[in-house]
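The values are calculated or read from the model by the stated rules, or taken from the named source; none is laboratory data. These numbers come from a predicted model, not from an experiment. For neighbour counting, all protein chains shown are included, and Cβ atoms are generated from backbone atoms with ideal geometry for every residue, glycine included.
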Amino acid sequence: MNSVTVQVPAKVNLQLAVGAVRPDGYHELVSVFHAVSLYDEVTVTRADELVVTVEGENADDVPVDRSNLAARAVALLADRLGQSPDVHVHLRKGIPVAGGMAGGSADAAAALVACDTLWRGNTPRDMLRRLGAELGSDVPFSDLGGTAIGTGRGERLAAVPTVGVYHWVFALADGGLSTPAVYGECDRLREAAGTPVPDPAPSESLIAALRAGDVPALGATLTNDLQDAAISLRPSLRATLDAGLAGGALGGIVSGSGPTCAFLAADEAGARTVARALAASGTCRTTRVAFGQVGGARVVPQRLRSTAP
């Protein structure tokens, strides 16, 4: 085996509840993750040294040195398996870059699966997820997929049974937002307001909506504690949210730390309607239509792989 390709999905946070800062500097979180049909493909090929290349929209914004999260995943797994990390990692980006949809985490999860397959490590997937948690809070979910509640920093996962298919429209903004900056702004706004920070907990109404397949109820219960902070740093996001809701979305939130905005539609036709309304509003750079839930990272059979340089 000379190369392995893994497909991995984007995520949207249906709920992101942010608690107080912990002694380790992270915030205590409760996140309801939901995997959607926007994908990156990560191909690892045997090489003389560890190299990262990237293609796709905004590829120039993705680092290609050892700071790249996929490169760090390769190095971490190589160390655990006693392998040389000498592979060519090629990222084919379909997940928005710096858009709050865990594209970097997805690439790290995919790199772990791909390299373990290439090196015949036979590492159990739950162990790969534990390794992924060392790299970032969203990495384990990118491997798992589906819908899940994340606690701690978001890395401890419990799958949520869901019914039906959910149709989404994602409004992409120009440029990105720094995740640390958004969390910092969240802390600043809370301190300025002088209100106690509640302990984060899953939304019972949101979980009930997922289990019942109640799309309108789900739209009404989408929440993100980072949304006010993201809008504070990027006020134009308010106009994007208003445009999507006016265009027929059942609910809309900033996705994760932003700046992508996520809108839930009633069905596939409704999603196309919302996308057209957003495009006409001029409040976002472009849109993507997707559905969920979908599975997590998976090895792509050779005959189904895209052609990568």
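Count, please, the residues in segment 52-68 that happen to be surrounded by 15 or more Cβ atoms within 10 Å (Cβ to Cβ) and within 21 Å of V300 (Cα to Cα).
Residues in segment 52-68 being surrounded by 15 or more Cβ atoms within 10 Å (Cβ to Cβ) and within 21 Å of V300 (Cα to Cα): 4 in total.
State yes or no: is S281 exposed (fewer than 14 other Cβ atoms within 10 Å of the Cβ), farther than 30 Å from D143 by Cα and not hydrophobic (A, V, I, L, M, F, W, C)?
So S281 does not fit the description; no.
In segment 126-144, what count of residues is obtained for those that are surrounded by fewer than 24 Cβ atoms within 10 Å (Cβ to Cβ) and not in a helix (DSSP H, G or I)?
The number of residues fulfilling the criteria is 2.
Report yes if some residue within segment 264-276 is more than 25 Å from P235 (Cα to Cα), at pLDDT below 95 and of a type in the set (G, A, S); otherwise report no.
So far as segment 264-276 goes, no, none of its residues is more than 25 Å from P235 (Cα to Cα), at pLDDT below 95 and of a type in the set (G, A, S).
Looking at this structure, is T195 within 17 Å of V12 (Cβ to Cβ), hydroxyl-bearing (S, T, Y), surrounded by fewer than 21 Cβ atoms within 10 Å (Cβ to Cβ) and assigned by TED's automatic domain parsing to the domain that holds G256?
For T195, the condition - within 17 Å of V12 (Cβ to Cβ), hydroxyl-bearing (S, T, Y), surrounded by fewer than 21 Cβ atoms within 10 Å (Cβ to Cβ) and assigned by TED's automatic domain parsing to the domain that holds G256 - is not met.
Can you give me the number of residues within segment 70-92 that are over 16 Å from T5 (Cα atoms) and surrounded by 23 or more Cβ atoms within 10 Å (Cβ to Cβ)?
Residues in segment 70-92 being over 16 Å from T5 (Cα atoms) and surrounded by 23 or more Cβ atoms within 10 Å (Cβ to Cβ): 1 in total.
For segment 179-192, give me the residue count where each residue is farther than 15 Å from D225 by Cβ and surrounded by 13 or more Cβ atoms within 10 Å (Cβ to Cβ).
1
So T286 ticks every box in (1) without any contact (Cβ under 8 Å) to a residue 40 or more places away in the chain; (2) surrounded by fewer than 18 Cβ atoms within 10 Å (Cβ to Cβ); (3) under 20 Å from M101 (Cβ atoms) but one. Which box is left unticked?
(1)
Answer with yes or no whether V44 is farther than 27 Å from G219 by Cβ, in contact (Cβ under 8 Å) with a residue 24 or more places away in the chain and in contact with a strand residue (DSSP E or B) (Cβ under 7 Å, 6 or more places away or on another chain). Show your work before the answer.
Details: farther than 27 Å from G219 by Cβ: yes; in contact (Cβ under 8 Å) with a residue 24 or more places away in the chain: yes; in contact with a strand residue (DSSP E or B) (Cβ under 7 Å, 6 or more places away or on another chain): yes.
The answer is yes for V44.
Assuming V299 fulfils every condition listed in (1) surrounded by 18 or more Cβ atoms within 10 Å (Cβ to Cβ); (2) under 23 Å from G56 (Cα atoms) apart from one, which condition is it?
(1) is the only condition that V299 fails.
Of all residues in segment 195-247 being hydroxyl-bearing (S, T, Y) and modelled with pLDDT of 95 or more, which is farthest from A159 (Cα to Cα)?
Here the answer is S236.
For segment 175-196, name all the residues that are of a type in the set (D, E) and in contact with a helix residue (DSSP H, G or I) (Cβ under 6 Å, 6 or more places away or on another chain).
The initial filter retains those residues of segment 175-196 that are of a type in the set (D, E), namely 185, 187, 191.
Across segment 175-196, the qualifying residue is only E185.
Just to be sure I understand, how many residues within segment 1-31 are of a type in the set (S, T, Y) and closer than 19 Å to L222 by Cα?
1
What number of residues within segment 254-278 are of a type in the set (A, V, I, L, M, F, W, C), farther than 11 Å from W168 by Cβ and buried (at least 24 other Cβ atoms within 10 Å of the Cβ)?
2
Any idea how many residues of segment 149-170 are buried (at least 24 other Cβ atoms within 10 Å of the Cβ) and either in contact with a Pro (Cβ under 9 Å, 6 or more places away or on another chain) or farther than 29 Å from G244 by Cβ (or both)?
3
Results for (1) touching a Pro at 6+ places or on another chain (Cβ under 9 Å); (2) under 20 Å from G136 (Cβ atoms), shown as yes or no for each residue.
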| residue | (1), (2) |
| --- | --- |
| V4 | no, no |
| S37 | yes, no |
| R66 | no, yes |
| P85 | no, yes |
